[in-house]
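The values are calculated or read from the model by the stated rules, or taken from the named source; none is laboratory data. Fair warning: this is a prediction, and the values are worked out from it, not measured in the lab. Don't worry about glycine lacking a Cβ; one is built from the backbone with ideal geometry, like all the others, and counts go over all protein chains shown.
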Amino acid sequence: MNSGVYMSMKFRILKNIFRQGLQSMWRNRGMGLASITSITAVLVILGLVLIMILSINNVVVEAKNKFDEIQVFLEDDISTDELHRLEDTIRNSEEVLSVMYQTKDQALEIMKEEWQEDSYLLEGLEENPLPNAFKVKVKDIEYSDLVVDRVKELEGVEDIVYYKDIIDRLVLFAGYIRLGGLAIIGILMIISIFIISNTIKITVSARKNEIGIMKYVGATNGYIRGPFIIEGVLFGLIGAILSVLVVNYGYQYFFNAVSDQLYVLFTIYLVPPTSLVKDISIIFAAMGMGIGALGSLLSLKRFLNV
Amino acid sequence: MIRFIDITKVYKNGVKALSNVDLNIGKGEFVFIVGASGAGKSTLIKLLLKEIEPTEGSIYLNGEDITQVRGRRVPHIRRNVGTVFQDFRLLPNRTVYENVSFALEIIGASRRDISRKVPSALNMVGLGSKAYCYPDELSGGEHQRVAISRAIVNNPPILIADEPTGNLDPDTSWDIMDVLLDINRRGTTVLMATHAREIVNTMKQRVVAIEAGRIIRDEQRGVYEHEVSHIEEHI
């Protein structure tokens, strides 16, 4: 047999498999709806979890940027020489990105600005109680402890304030959310694989005779398996498309509603909907088809050992 | 063509279905396998179709030891063996034509090939005019003709018929036998397991009698006789 003839034979076999898959999908549309619904539900929940994880990641990144400052308060009686030496020492640390000196007067000005109408309260102060300070930025918040430990020992340092605790807690929290989300997705995936495999099992047993005959006339396992896998994969794909629509439009609606309602502060932490569509489409399509194929294979496993 | 060499089959539940069976069937032969239910006829056929594996011994089909053939090649072996069953096994939602073309579709035959081979296979069994009927519009005998047509459409060198007349009345059974004989005359080796005493006795073909998993008789132009020997034992 030459390769051209062989290829066209393979192609015809493939075409048959496809046609049969579509036919059985149509015949089986009632149960198919159950499969599609379950896949859609799983993927929509996956989408929500994804959005949540991404948003929390955003919050964490924002927080890291905002709170990665270490404030080193200095003793009042520090000399200029000491001040310069201290600044150099801190600046020369490998982990330090920048050091900014803020005098007690500058600090008071900033405070007044922040307090706005309540700033008259500060007028009554006889002398400025705020200390001079270095504002130190580290390259990564993970280095904070290291830098703080080192700077604390230095001459002329009165106190150090930094926010690593908060950030740590936030990171931990984000981790829990991620784990919880993944666990939920995992459980739902198993459930929907189970539902798909049951749906396909119904098709398989409805076509038991046909499969038996196929075996007797010499159909390969691949030929018999093919239509069912296509059926499962198509269920998955339809579920994926539906869930992409639901998640995309649902989230867009929610996002716009929240922005309109003055909660702009909140939306800056949310991932923008437009950046999601492509990724979500790819992830959902892959997962939907994977769930479908796996479900089909499971339902056929026992069956093909004839 | 078909050779069983010292075949023993013990099922998992301990039943010894065949013990040390040797059987040699040449190209173009017509062979009846006779014996009571449970004698081992079905086991013999299942072994040929590789539905089950022998416990011991080897089976040669067209010069190949099929007991050594594994998984993926099994379908290709089955394509060389047409099969017909007592219960016809047609697909109810397909026409006669589609039931027959089915056997060609799965091996990826071209449209032209199918449109040439299917009508000729249907004419062979005398069903050319019913190509577009559905199985429920056909009689029992016609069902079996469709099944035979499907079994031979791929032109296999061997046709196995497992009690093909078991569900048919005597007249229809004879029609089916005529078809099988016709196919045999064209060079196909036919192996038929049966209980139909009258058919066996009239056809005067080779008869292999099995009892309790052993071949007790193998005669050219043989007769059924099983019942007779039974009666003699009682006398």
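Looking at segment B:138-145, is at least one residue without any contact (Cβ under 8 Å) to a residue 60 or more places away in the chain and surrounded by fewer than 17 Cβ atoms within 10 Å (Cβ to Cβ)? Yes, the conditions are met somewhere in segment B:138-145. For segment A:2-22, give me each residue that is within 11 Å of chain B (Cβ to nearest Cβ) and more than 42 Å from the chain's Cα centre (by Cα). The answer is A:Val5, A:Tyr6, A:Met7, A:Ser8, A:Met9, A:Arg12. Restricted to segment A:239-255, and to residues there that are surrounded by 20 or more Cβ atoms within 10 Å (Cβ to Cβ) and touching a Ser or Thr at 6+ places or on another chain (Cβ under 9 Å), the residue that is farthest from the other protein chains (Cβ to nearest Cβ) is A:Val244.
Every condition in (1) at pLDDT below 80; (2) loosely packed, with under 15 Cβ neighbours inside 10 Å; (3) within 16 Å of A:Val157 (Cβ to Cβ) holds for A:Ile78 except the one numbered (2).
Taking the stated definitions as given, is A:Gly175 surrounded by fewer than 20 Cβ atoms within 10 Å (Cβ to Cβ), in a helix (DSSP H, G or I), within 14 Å of chain B (Cβ to nearest Cβ) and out of contact with any Phe, Trp or Tyr (no Cβ under 7 Å at 6 or more places or on another chain)? Considered against the rule, which asks whether it is surrounded by fewer than 20 Cβ atoms within 10 Å (Cβ to Cβ), in a helix (DSSP H, G or I), within 14 Å of chain B (Cβ to nearest Cβ) and out of contact with any Phe, Trp or Tyr (no Cβ under 7 Å at 6 or more places or on another chain), A:Gly175 comes out as no. For segment A:193-225, which positions are away from chain B (no Cβ under 11 Å) and of a type in the set (S, T, N, Q)? Passing the criteria: A:Ser197, A:Asn198, A:Thr199, A:Thr203, A:Ser205.
Could you say whether any residue in segment B:51-59 is within 17 Å of the chain's Cα centre (by Cα), surrounded by 14 or more Cβ atoms within 10 Å (Cβ to Cβ) and modelled with pLDDT under 90? Yes, that holds for at least one residue. Please determine whether any residue of segment B:79-95 is touching a Lys or Arg at 6+ places or on another chain (Cβ under 7 Å) and crowded, with 23+ Cβ neighbours inside 10 Å. No, that holds for no residue. A:Leu270 fulfils the conditions (1) among the aliphatic types (A, V, I, L, M); (2) in a helix (DSSP H, G or I); (3) away from every other protein chain (no Cβ under 14 Å) except for a single criterion, (2).
The condition of being assigned to a strand (DSSP E or B), surrounded by 17 or more Cβ atoms within 10 Å (Cβ to Cβ) and either more than 21 Å from the chain's Cα centre (by Cα) or in contact (Cβ under 8 Å) with a residue 40 or more places away in the chain (or both) holds for only one of A:Ile160, A:Ile167, that being A:Ile160. Screening segment B:1-37 for residues that are assigned to a loop (DSSP other than H, G, I, E, B) and under 20 Å from B:Glu211 (Cβ atoms) and picking the one that is farthest from the chain's Cα centre (by Cα) gives B:Gly14. Given the criteria touching a residue at least 40 places away in the same chain (Cβ under 8 Å), over 31 Å from the mean Cα position of the chain (by Cα) and either at positive phi or away from chain B (no Cβ under 14 Å) (or both), does A:Phe228 qualify? Spelling it out, A:Phe228 is indeed touching a residue at least 40 places away in the same chain (Cβ under 8 Å), over 31 Å from the mean Cα position of the chain (by Cα) and either at positive phi or away from chain B (no Cβ under 14 Å) (or both). Those strands (runs of 3 or more DSSP E) of segment B:130-235 in which at least 2 residues are within 14 Å of another protein chain (Cβ to nearest Cβ) and closer than 30 Å to B:Ser110 by Cβ, considering only elements entirely within it, cover B:158-162.
Counting only residues that are more than 10 Å from chain A (Cβ to nearest Cβ) and under 19 Å from the mean Cα position of the chain (by Cα), segment B:101-123 holds 2 of them.
Conditions (1) surrounded by 14 or more Cβ atoms within 10 Å (Cβ to Cβ); (2) in contact (Cβ under 8 Å) with a residue 60 or more places away in the chain; (3) not basic (Lys, Arg), marked per residue:
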site: A:Met100; (1), (2), (3): no, no, yes
site: A:Leu108; (1), (2), (3): yes, no, yes
site: A:Lys112; (1), (2), (3): yes, no, no
site: A:Gln116; (1), (2), (3): no, no, yes
site: A:Leu121; (1), (2), (3): no, no, yes
site: A:Gly124; (1), (2), (3): no, no, yes
site: A:Pro129; (1), (2), (3): no, no, yes
site: A:Asn132; (1), (2), (3): yes, no, yes
